[in-house]
Structures are given as structure tokens and as C-alpha cells.
Amino acid sequence: MSSLLATRRGLQRKILTVLAIGQVLGALGTGASFSIGSLMAVQISGSPALGGLSATFATLGTAILAFPLARYANRWGRRWALSLGLFIAAAGSTIVVAADLAQSFPLFIVGIALVGAGNAVNLQTRFAATDLAQPTTRARDLSLVVWATTVGVVIGPNLVGPGDGLGLSLGLPSLAGAFVIAAFFYVVGVVFYAIGLRPDPLLEARAQRVRDGVEVPSTKRSIGAAFGILRATPMAAAAVVALALSHGVMVGIMSMTPVHLSMMNVILPLIGLTVSLHTAGMYAFSPLFGWLADRWGRISVIVLGQVILLAALVLNALAPHDMTAIVISMILLGLGWSAATVAASALLTESVTPEDRPSVQGLSDTLMSLTAAAAGAAAGLTLSAIGYGALSAVTIALTVGVTCTVLIVRARTRGAPTA
């Protein structure tokens, strides 16, 4: 038994290494493309008012593609689902380059929506890390893959400069070069997953249960069935609420912070530094929150994440024009998101049966992305109507809602067995 456990742990370490490297490749593509998308939208459309549609449609693309990719994983395994997602993102990047050449805004919208598949893959990868994980280290394993995203999101935006040079050398418009680089990393990711993710973690987990004498039913989960599972599993539903609303808080405030800082006449390098520090808070400390979630429990760390988010929002509300306060708030916003996302993702995974996990995880990613799109749109309207400080103040209601939800569900289900 001990040798079998050691073999399984060794296999999990290999899987985590492959997923982490693949996560870096996907994040490099996403970082390179998303950072320049709004500028290209303005260049092609000729209207600054349409610049925000790049992020909107990329997020909607993530939401639309997350569940189909999860269903594909349920049938064919993570290896081919992740490869397919990155292939779609590479195709989307290519379409964006074609749109830039043709100066076609509708074609650009189609391409940037398909690029959203890259982010859907990044989201699914964290769940792939849990397929073979031991219950005692599930959150830590998930968090290590989330941490790997740090490399891509930090380096990716810095590839915009080289992308300009590449685009000009290829006879393309300068902004198109970033999407050429993105397509390259996505294609490398496709090949890497197809070759390296062997055995497939999801299929191997099922095979291990069969070897252990567990009957593994053949399932084909629709989105309606996934909603049904959430209705029947309060703890899983609470985890999805925590994931979606925590993501909405982060996106809503972060998307408006650069706008608010520009209205304060803050110089661009300082705005960029603020965003970088926020991003570091999102990913760099995820292993710490994974470790805490394994030891303190998932609910405790979700609540910790809400407390950190609350601190960020209160600081913004009290000092909306203090640059130091805003920088600290953005770091806290990233840390709170990280704590909530890592712990809630682990809670969702262990709250449903292994056969139901891929579809429920895909539905969760879809709801996260739809919430982000709605939060970004609502935050823009709120900022223009009542200001940045008041925007942060009203957003506090979301953190309170998450905290109440998870604590009430824990109280009502205390002592109930987990999946």
C-alpha cells in the first residue's frame, strides 16, 4: 500500500509540473494579447468608446467556451481539452491579426472572443491539478498551478514591445505582432499538453478508482444537470457563489482603478506598477493560501479572503484619492481574490462526486466569467455616477454576501459527509 501511495504521489508531482509549465505558456499568450487588445480595438474601430469591448468579448468568450471544454474533458480527458482550448485561442489570435490587416472590427470581435479560450484553459488547469491530488493536499496542489500563472501574467504584457518590432518585420501593423507572439505560445502549449500530459490526470483518476474496486459510471453531463447538482449540493453551490462574487469584486474594482488613477492625473508608469502589484497579489501568494486551506479548512480561508477584500474596499472608500492607500488596496484586492479562489475551488471539487466534477467545474468557470463581465460593465456605470470611493463602498455588499452564504451553509451542513 505504501509503495502504491508513493507511486501515485510521484505521478501527481509529474502532472503538477506539466500543468504548471502549460499554465505559464497559456498565461504568456493571454498576457501578450489581452494587454494590447483594447488598443487594437480603438485602432481598428477608430473610436475610443469601443476600446473596452476587447476585454468584454474576451471575457464572454471565456464564459461561453468554459463549459464545452469541461464537457470535452469529461469525455476525452484533460489532455485533449486543454490542447483544444489553446488551439482555439491560437486560431483566435490569428483571426485578430487578419482583422487588423483588413481593418474589420466585427472580425476582431470574433477573434478576441476565441482568444478567451486561453483564459478558459487557465481556469480549467487549476482543477486538473486536483484530479489525482490527495484530500490533505488538494488545495496546495491547486494553488501551485495558480502560482505558475504569475510568470506568464508578469512577462506577457512586456512582450508587447517585441511584438511591435516583430509585426513591422513581418510587414504587419505594429500591434498585430503581440497576437503573433500569443499564437506562438498557444501553439507551443497545444503541443506541450498533447505530448506531456500523459497519463491524463482525469482519466487516470477514473482508472485508479476502477483498480480500487469502485464502480465508475459513464456520465454525460449537460449544463442543466450541472445546475441540478448545485441545487442538490449546498456546499458546492456556496463554493460557486464565493468564486463568482469574489471574482466580480476583484474585476469590478480593478477594471476601474486605472481609469480612476488617470482621472487623478497619475503618470502611466505608476498606474502600470499598481496593476503589477495587484497581479502579484493575485498569484504570487497562492501557495500560502493553499497551505492554509488544507490546514484551517476551506470555509475559514474563504472567509479570510472576504476579510482581506473588505479591508481593500474600506481603504478605497475612506481614501479614494490617496495614491498610497490605493496601491495598498490593490495589493489586498489581489490577496483576497487569491485566498477565496484557491479555497473555494478546492471546496467545490471535494463537494461533488468525481464523475460530476468536470461539468460542475466548467459551470463554475462560466459563472465566474459572466459575473466578471457584468461587474466590469456595472462598475463603469457606477464610477461615472457616484465615484470611485462610493463604488468600493457599495461593493462591500458582495463580500458580506459571500461570508454569510458560506457560514450559513457550513452551519446547516455541519457533520454531513463530503463527496
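The values are calculated or read from the model by the stated rules, or taken from the named source; none is laboratory data. Just so we're clear, the structure is a prediction, and the values are computed from it rather than from any experiment. Reconstructed Cβ throughout: ideal geometry from the backbone, glycine too, with neighbour counts over all protein chains shown.
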Residue check for Ala117: modelled with pLDDT under 90 and within 19 Å of Ala20 (Cα to Cα):
no
Residue among Ser359, Ser345 that is assigned to a helix (DSSP H, G or I), closer than 24 Å to Met254 by Cα, touching a helix residue (DSSP H, G or I) at 6+ places or on another chain (Cβ under 7 Å) and not acidic (Asp, Glu):
Ser345
Boolean, Leu243 is under 25 Å from Leu19 (Cα atoms), surrounded by 22 or more Cβ atoms within 10 Å (Cβ to Cβ), in contact with a Pro (Cβ under 8 Å, 6 or more places away or on another chain) and in contact (Cβ under 8 Å) with a residue 12 or more places away in the chain
no
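Just for segment 166-183: of the residues that are part of a helix (DSSP H, G or I) and free of Cβ contacts under 8 Å to residues at least 60 places away in the same chain, which one is surrounded by the most Cβ atoms within 10 Å (Cβ to Cβ)? Before you say what the answer is, go through the steps one by one.
Start the filter on segment 166-183 by keeping residues that are part of a helix (DSSP H, G or I), which leaves 166-169, 176-183.
When the remaining residues are screened for being free of Cβ contacts under 8 Å to residues at least 60 places away in the same chain, the result is 166-169, 177.
On the way: Leu166: 18, Gly167: 21, Leu168: 13, Ser169: 9, Gly177: 26.
Only one residue tops the list, namely Gly177.
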Can you run down the residue pairs with Cβ atoms below 8 Å, 6 or more apart or on separate chains, where the first is in segment 203-215 and modelled with pLDDT of 85 or more and the partner is acidic (Asp, Glu) and surrounded by 16 or more Cβ atoms within 10 Å (Cβ to Cβ)?
Glu204/Asp131; Ala205/Asp131
Quick one: in segment 325-354, which of the residues that are in contact with a Lys or Arg (Cβ under 9 Å, 6 or more places away or on another chain) and surrounded by fewer than 24 Cβ atoms within 10 Å (Cβ to Cβ) is nearest to Tyr388 (Cα to Cα)?
Glu350
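Scan Ala176, Ala128, Ala113 and give me the residue that is within 14 Å of the chain's Cα centre (by Cα), small (Gly, Ala, Ser) and within 24 Å of Ile88 (Cα to Cα).
On the way: Ala176 fails: within 14 Å of the chain's Cα centre (by Cα); Ala113 fails: within 14 Å of the chain's Cα centre (by Cα).
Among Ala176, Ala128, Ala113, only Ala128 is within 14 Å of the chain's Cα centre (by Cα), small (Gly, Ala, Ser) and within 24 Å of Ile88 (Cα to Cα).
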Which is in a helix (DSSP H, G or I), touching a Leu at 6+ places or on another chain (Cβ under 6 Å) and either among the β-branched types (Val, Ile, Thr) or at pLDDT below 85 (or both), of Val191, Val145?
Val145
When you look at Ile44, is it closer than 26 Å to Ala375 by Cα, at pLDDT 80 or above and surrounded by fewer than 22 Cβ atoms within 10 Å (Cβ to Cβ), yes or no?
no
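Quick check, is Ala311 hydrophobic (A, V, I, L, M, F, W, C), in a helix (DSSP H, G or I) and over 16 Å from Val259 (Cβ atoms)? Show your work before the answer.
On the way: hydrophobic (A, V, I, L, M, F, W, C): yes; in a helix (DSSP H, G or I): yes; over 16 Å from Val259 (Cβ atoms): yes.
Yes.
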Among the residues in segment 48-58, are any closer than 24 Å to Phe127 by Cα and modelled with pLDDT of 90 or more?
no
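Just one of Val402, Val394, Val406 is over 30 Å from Arg209 (Cβ atoms) and either touching a strand residue (DSSP E or B) at 6+ places or on another chain (Cβ under 6 Å) or crowded, with 23+ Cβ neighbours inside 10 Å (or both); which is it?
Details: Val394 fails: either touching a strand residue (DSSP E or B) at 6+ places or on another chain (Cβ under 6 Å) or crowded, with 23+ Cβ neighbours inside 10 Å (or both); Val406 fails: over 30 Å from Arg209 (Cβ atoms).
When all the criteria are applied, what remains is Val402.
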Do the conditions hold for Ile299, that is, is it crowded, with 17+ Cβ neighbours inside 10 Å, modelled with pLDDT of 90 or more and hydrophobic (A, V, I, L, M, F, W, C)?
yes
Which residues, counting only those in segment 276-300, are under 19 Å from the mean Cα position of the chain (by Cα) and aliphatic (A, V, I, L, M)?
Leu277, Ala280, Met282, Ala284, Leu288, Ala293
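Counting just the residues of segment 38-90 that are of a type in the set (Phe, Trp, Tyr) and in contact with a Leu (Cβ under 7 Å, 6 or more places away or on another chain), which one comes out nearest to Ile112 (Cα to Cα)? If you could, list the steps in order and put the result at the bottom.
Keep residues of segment 38-90 that are of a type in the set (Phe, Trp, Tyr), which gives 57, 67, 72, 76, 80, 87.
Still in the list and also in contact with a Leu (Cβ under 7 Å, 6 or more places away or on another chain): 67, 72.
Numbers: Phe67: 18, Tyr72: 22 Å.
So, considering only residues that are of a type in the set (Phe, Trp, Tyr) and in contact with a Leu (Cβ under 7 Å, 6 or more places away or on another chain), the one nearest to Ile112 (Cα to Cα) is Phe67.
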Note on segment 80-127: residues more than 20 Å from Leu363 (Cβ to Cβ) and touching a Phe, Trp or Tyr at 6+ places or on another chain (Cβ under 6 Å) are Ser83, Leu86, Ala89, Ala90, Ser93, Val96, Val97, Ala99, Ile109, Ile112
Do we have any residue at all in segment 262-279 that's out of contact with any Pro (no Cβ under 9 Å at 6 or more places or on another chain), buried (at least 22 other Cβ atoms within 10 Å of the Cβ) and farther than 30 Å from Asp356 by Cα?
yes
Single residue of segment 121-142 satisfying the filter (polar (S, T, N, Q) and in contact with a Leu (Cβ under 8 Å, 6 or more places away or on another chain)) that is nearest to Pro354 (Cα to Cα):
Thr130
